[in-house]
1. Which of the trypsin sites (Lys or Arg not before Pro) found in the range 27-65 are in a DSSP loop and have at most 11 neighbouring Cβ atoms, other than their own, within 10 Å?
2. Work out the charge dipole of the chain with +1 on the Cβ of Lys and Arg and -1 on the Cβ of Asp and Glu about the Cα centre, then indicate which of Gly92, Ile21, Leu138 is farthest towards its positive end.
3. What whole-number volume per residue, in cubic angstrom, does the convex hull of the C-alpha atoms of the chain give?
4. What percent does the relative contact order of the chain come to when contacts are Cα pairs within less than 8 Å and at least six residues apart?
5. Based on the alpha-carbon gyration tensor of the range 138-202 and its eigenvalue square roots a ≥ b ≥ c, which shape applies: rounded if a/c is under 1.5, prolate if not and a/b is larger than b/c, or oblate?
6. Given the DSSP H assignment, sum -39500 (n - 2.57) over each helix run of at least 4 residues in the chain and divide by its residue total; what's the result at 222 nm in deg cm²/dmol, nearest 500?
7. Under 5 Å between amide H atoms, partner at least 5 residues away or on a different chain: which partners does Ser205 have, H built in plane at 1.01 Å?
8. Just to be sure I follow the definition: excluding the sites themselves, where is the longest run in the chain that has none of the chymotrypsin sites (Phe, Trp or Tyr not before Pro) in a DSSP loop with at most 11 other Cβ atoms within 10 Å?
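What follows is calculated from the coordinates using simple rules that are stated; it is not laboratory data. A quick note: this is a predicted structure, and the numbers were derived from the prediction, not measured. Cβ: placed from backbone, ideal geometry, glycine included. Neighbour counts: every protein chain shown.
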Amino acid sequence: MLGYYKTYLDNYPERMKYVYIINGKSYINFAFSVFKTIFSSAVIEKLKFYGSSGWKEDLLKIIDADELPAFLGGNKTDPDGNPLCKTFVRHGHQIPESYFFNNRKKLLSSSSHLKKLTVQRSSVEEMRFNVTERGSLLEWEFELKNRDIDFTVYFNSSGEESKLVKVVPKQRMDTYYGPEKNFVTCENPGIYTIVFDNSYSWVHSKEVFYRIRVRKPNE
């Protein structure tokens with residue numbers, strides 16, 4: 001992450017004009033000490049840290065008083081005289097609990113129409129589906145009770161493991177924000193294998209709630 005940000009700063013140094021941090025919390029200083037190692041001297045010069053005083057005068061050096069909102073030391077107000085300038089400045093406020101992701105109820109785990117699979121720690125579970133018609137769809141939807149798991153789909157026409165073809169590359173799935181739902185078009189008849197891989201986890205087993213089906217072309 002730090003390397004990516006450094007590359008961004010090296011290639012787009014003038015995107016950032018100035019940053020004024022006023023009455024910042026103590027963790028701001030800690031964060032700055034971490035990122036300071038990747039900032040160029042030109043960027044560091046644009047970062048201004050203030051306590052409870054001195055910042056109004058400095059803001060007026062770069063912003064005309066008639067354009068600077070009154071609550072920041074300027075003269076500009078809302079049409080009704082409000083110094084907070086709420087008609088064009090979006091102020092921070094408490095986030096409604098309805099927006100909290102950690103309050104989201106698991107959708108699939110509460111359904112009675114799904115199957116449950118427990119993948120033990122350091123282990124792999126496979127599900128094989130015999131597809132008989134070209135153009136069929138192998139559809140899946142799953143959700144983990146917690147944490148993540150590796151997911152892959154393989155195909156083979158002969159039943160021999162040595163001839164497995166990867167049709168969906170291995171990817172680590174985290175369904176914290178919602179179920180994983182997708183499909184693959186079966187270009188050839190044969191055995192399609194869905195793999196839930198928990199071999200990388202030495203401590204935690206994973207509970208997977210899922211529904212998987214093969215849908216024929218005419219369905």
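1. Passing sites in the range 27-65 are Lys36.
2. It is Leu138.
3. Numbers: hull volume 54.6 nm³, N = 219.
It comes to 249 Å³ per residue, whole-number rounded.
4. Normalised by residue count, the contact order of the chain is 21 percent.
5. oblate
6. When only DSSP H runs of four or more count, the value is -4000 deg cm²/dmol.
7. Amide H neighbours of Ser205, under 5 Å, 5+ apart: Arg121.
8. Longest stretch, sites excluded: 1-87.
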